[in-house]
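Everything below concerns the one structure shown next.
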Amino acid sequence: MSGTYLGMPAFPKAAHEAVHDATLRGNLRHATHTIRAKRAKAVAEVSDWAALREAGKRIKDHTLRHLDRYLVQLEESVTAAGGTVHWAADADEANRIVADLVKATGESEVVKVKSMATQEIGLNEALEAEGIRAYETDLAELIVQLGKDRPSHILVPAIHRNRGEIRDIFRSEMGEWGRPAPEGLTDTPAELAEAARLHLREKFLRAKVGISGANFMVAETGTLVVVESEGNGRMCLTLPETLISVVGIEKIVPTWRDLEVFLQTLPRSSTAERMNPYTSMWTGTTDSEAADGPRTFHLVLLDNGRTDTLADEVGRQALRCIRCSACLNVCPVYERAGGHAYGSVYPGPIGAILSPQLRGVTSEIDASLPYASSLCGACYDVCPVAIDIPEVLVHLRERVVEGGEVTANGNKVVLKPAKGHAAERAAMRAARWTFARPGALRAGQRLASRTRRLHPRSLPGPGKAWSGSRDLPAVPAEPFRDWWQRTQGGNDGKGAAK
């Protein structure tokens, strides 16, 4: 990936600051609880949900096992339909390809439909450095861009903002980016949506270049699919003369028929709808000016750590993700800490396992992400492709603690054992030595009981992270061994003590 957000601390520090923001916690609690309840109702309508979930898992696993074959097939299909395929090994290469394609058109501005991949590689910033301005057209992404903010949710990037904050952003910033907000704009949803529609309409009608991602790519036909709720995607995909799609290599499915599964599970898991209001599919280009769709189409296939992730037999299941965000909406950690604490475009439980694999665990923030979970398992229960996120979290924690050699973006990196776990490792070694020697264990128990009045209620040093919000268990006045000897007289318990 292109790196963590500049200046972001590790998750524990960022989360500690976030949980003290009462407004943020209120916004998150209201939004996630609302989406969660609607999703549960939408899923309950489907009698074969478990079977659909298993089918989605199997399709994804099969595709990942044969990814090399299906990617070649996709390239052949897209090329046969009139498109051009580009391969990008990392973020820098992808940004360079897109910037060169835009400059070749002679344009200096582009419209974008929401794309996690372009956020992942920092495309907007790369285009700005080349003198090209990118306009986000998804409502939530527009709010984030105008507010000089960062996304905090996969589905609802501005989930941390309330209506009053959005109104203030529109009033103060829209004029700098194009058509200003209407006079007397209030915070009612209808007025905010209308202000965004008027602001964006002039950009749609003027833009000659569009940039998109894709929810799915069909190897069989070379078809790309975008699902969305507002219609901005339809405008970006059909009005510009040139369309550039940046898509992660894991978004591929083998056949058109495979879409049937995901077009049932994705909308219910994300927006709690039976189907998305707008499902746009395009294959190649159009030759007629009167027809909808681009006359020039470029597909940029992005690796950026995905091949390295695929090599991990446990961690590769993260590549099944269809970006529904259901795991975020049920996660107690995300609900309290918010998305910015994860230091990545991928927040929440899926981000805690995806970001460290795409970027590696060499930075402080990436090494901390596998610990950003209570391991309650709610994320696995709601995942429509059955990603066992707790299993991958534990697997990545082991990698962080033990260190060793890993691959990140094609480069071999030697990781040292995590310094933060030195005290824990020392304690485990001491416990192993003690439990292997009954005499030492008994002596230690007696010493602990006799000095219990002197014991602190919390641990010093690194131990504060655990005991800062809980008291240490009280040591009993008498060790169990001594109590048993006194009450049972050392027998096996079948007879009373003499």
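At a glance:
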{"item": "Helices (runs of 4 or more DSSP H) completely within the stretch 345-388 that count 3 or more residues being free of Cβ contacts under 8 Å to residues at least 40 places away in the same chain", "result": "none"}
{"item": "Helices (runs of 4 or more DSSP H) wholly inside the stretch 120-189 that include at least 1 residues being open to solvent by 40 Å² or more (accessible area, probe 1.4 Å) and closer than 17 Å to Glu228 by Cβ", "result": "139-146"}
{"item": "Options Glu120, Glu125, Glu136; residue that is free of Cβ contacts under 8 Å to residues at least 12 places away in the same chain and closer than 23 Å to Asn95 by Cα", "result": "Glu125"}
{"item": "Flag if Glu260 is more than 27 Å from Ala134 (Cβ to Cβ), of a type outside the set (Lys, Arg), open to solvent by 10 Å² or more (accessible area, probe 1.4 Å) and free of Cβ contacts under 8 Å to residues at least 40 places away in the same chain", "result": "yes"}
{"item": "Tally, over the stretch 76-90, of residues that are surrounded by 15 or more Cβ atoms within 10 Å (Cβ to Cβ) and either touching a strand residue (DSSP E or B) at 6+ places or on another chain (Cβ under 6 Å) or charged (D, E, K, R) (or both)", "result": "9"}
{"item": "In the stretch 13-54, the residues that are under 20 Å from the mean Cα position of the chain (by Cα) and either loosely packed, with under 12 Cβ neighbours inside 10 Å or not in a helix (DSSP H, G or I) (or both)", "result": "Val19"}
{"item": "One residue from Thr63, Thr4 being at pLDDT 95 or above and open to solvent by less than 80 Å² (accessible area, probe 1.4 Å)", "result": "Thr63"}
{"item": "Boolean, Val98 is under 30 Å from Glu335 (Cα atoms) and assigned to a helix (DSSP H, G or I)", "result": "no"}
{"item": "Helices (runs of 4 or more DSSP H) enclosed by the stretch 438-498 - at least 2 residues per element that are at pLDDT 80 or above", "result": "438-450, 480-488"}
{"item": "Inter-residue pairs, beta-carbon under 6 Å, first over 30 Å from Ala37 (Cα atoms) and at pLDDT below 95 and in the stretch 264-291, second open to solvent by 60 Å² or more (accessible area, probe 1.4 Å) and β-branched (Val, Ile, Thr), 6+ apart", "result": "none"}
{"item": "Qualifying positions in the stretch 108-119 - part of a loop (DSSP other than H, G, I, E, B) and either buried (at least 20 other Cβ atoms within 10 Å of the Cβ) or of a type in the set (A, V, I, L, M, F, W, C) (or both)", "result": "Val113, Lys114, Ser115"}
{"item": "Filter result for Thr309 (more than 19 Å from Pro384 (Cβ to Cβ) and more than 23 Å from the chain's Cα centre (by Cα))", "result": "no"}
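The values are calculated or read from the model by the stated rules, or taken from the named source; none is laboratory data. It should be emphasised that the depicted structure is a prediction, and the values quoted were computed from it without experimental measurement. Note that we place each Cβ from the backbone using ideal geometry, even for glycine, and neighbour counts take in every protein chain shown. Surface areas here come from the heavy atoms of the whole protein model, side chains and all, with no ligands, DNA or RNA. Shrake-Rupley method; radii C 1.70, N 1.55, O 1.52, S 1.80 Å.
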